[in-house]
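Structure, as structure tokens:
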Amino acid sequence: MLKAGGDMKTSDLIELEASLRHGKVPEEWTDSVEGVDPNIMLIIMWAGRLSRRVDAQYQESLRDSGLKYSDYSVLSILRFSGAMSPKQLNTYLVITSGGLTKTIQRLEKRGYVKRQPDPDDGRGTLISPTIKGEKVVLELLKDDVSSYHNLLADRTDADRARIALALRDLLDAFEQGDRPSLLPPKKCE
């Protein structure tokens, strides 16, 4: 089926995709990393593909608004959680502090967020959405929810709940630093 470094025909790619969707990882893949759990390889592959698909979907859906995904994320978090410090925001976003600063500046320039002194920390600043920012994010959120609803319309409520829990579990593993290695523990010689 899959040869390392070899070219694949379309029929081979179709066969590979079908095998992967049935949870069967080619031996050529598992043999390349000793002791690897084939399910870990599938999780890596599916998570990577999903990440690229979600990114492409957001780029398309946000194109007309002129917002980046980080802009949309900041506005969404602020809309539902209220004013936050940049540090609190980054708990949800996990981007560099420089990236967050640029995002906040971009949103502030467009009149979507405002800065205000933090009453609990004289040196701190809170970021909150403006009315204009709330209107923009609510419109985008309606489109976002509609898009995902259409995408998952053929799934049952139970399927959607299962998907949501599986994604949360994967996120929890990343956020808790619970990232087991692909390789088995090294043996001391």
How many residues does region 121-149 hold that are under 24 Å from Gly66 (Cβ atoms) and in a helix (DSSP H, G or I)? 18
Quick one: is Val36 touching a helix residue (DSSP H, G or I) at 6+ places or on another chain (Cβ under 8 Å), open to solvent by less than 60 Å² (accessible area, probe 1.4 Å), without any contact (Cβ under 8 Å) to a residue 40 or more places away in the chain and not in a helix (DSSP H, G or I)? no
Within the group Ser65, Ser81, which residue is more than 30 Å from Pro26 (Cβ to Cβ), in contact with a Leu (Cβ under 8 Å, 6 or more places away or on another chain) and not aromatic (Phe, Trp, Tyr)? Ser65
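Do you know which of the residues in region 150-170 that are assigned to a helix (DSSP H, G or I), of a type in the set (A, V, I, L, M) and free of Cβ contacts under 8 Å to residues at least 24 places away in the same chain is farthest from Ile77 (Cα to Cα)?
Of region 150-170, the ones assigned to a helix (DSSP H, G or I) are 150-151, 157-170.
Those still in the list that are of a type in the set (A, V, I, L, M) too: 151, 158, 161, 163-167, 170.
Applying the additional criterion that residues be free of Cβ contacts under 8 Å to residues at least 24 places away in the same chain yields 151, 158, 161, 163-167.
Details: Leu151: 23, Ala158: 27, Ala161: 22, Ile163: 22, Ala164: 19, Leu165: 20, Ala166: 22, Leu167: 19 Å.
Among those residues, the one meeting the criterion is Ala158.
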Select from region 126-146 the residues that are modelled with pLDDT of 95 or more and of a type in the set (Ser, Thr, Tyr) and write down the one among them that is farthest from Leu89 (Cα to Cα). Thr130
In region 67-83, what count of residues is obtained for those that are open to solvent by 20 Å² or more (accessible area, probe 1.4 Å), more than 17 Å from Val145 (Cα to Cα) and either in contact (Cβ under 8 Å) with a residue 24 or more places away in the chain or basic (Lys, Arg) (or both)? 4
Might you check whether a residue that is touching a helix residue (DSSP H, G or I) at 6+ places or on another chain (Cβ under 6 Å), of a type in the set (Ser, Thr, Tyr), open to solvent by less than 80 Å² (accessible area, probe 1.4 Å) and at pLDDT below 90 occurs anywhere in region 3-26? no
Suppose the filter is out of contact with any helix residue (DSSP H, G or I) (no Cβ under 7 Å at 6 or more places or on another chain), under 26 Å from Arg63 (Cβ atoms), at pLDDT 90 or above and not aliphatic (A, V, I, L, M); does Gly98 pass it? yes
Quick check on my filter: what residues within region 121-139 are charged (D, E, K, R) and free of Cβ contacts under 8 Å to residues at least 12 places away in the same chain? Arg123, Lys135, Glu139
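The values are calculated or read from the model by the stated rules, or taken from the named source; none is laboratory data. In this text the structure is predicted, and so the values were computed from the model without any measurement. Cβ coordinates were reconstructed from backbone atoms using ideal geometry, including for glycine residues, and neighbour counts include every protein chain displayed. Note: areas computed on protein heavy atoms with side chains; ligands, DNA, RNA excluded. Shrake-Rupley method; radii C 1.70, N 1.55, O 1.52, S 1.80 Å.
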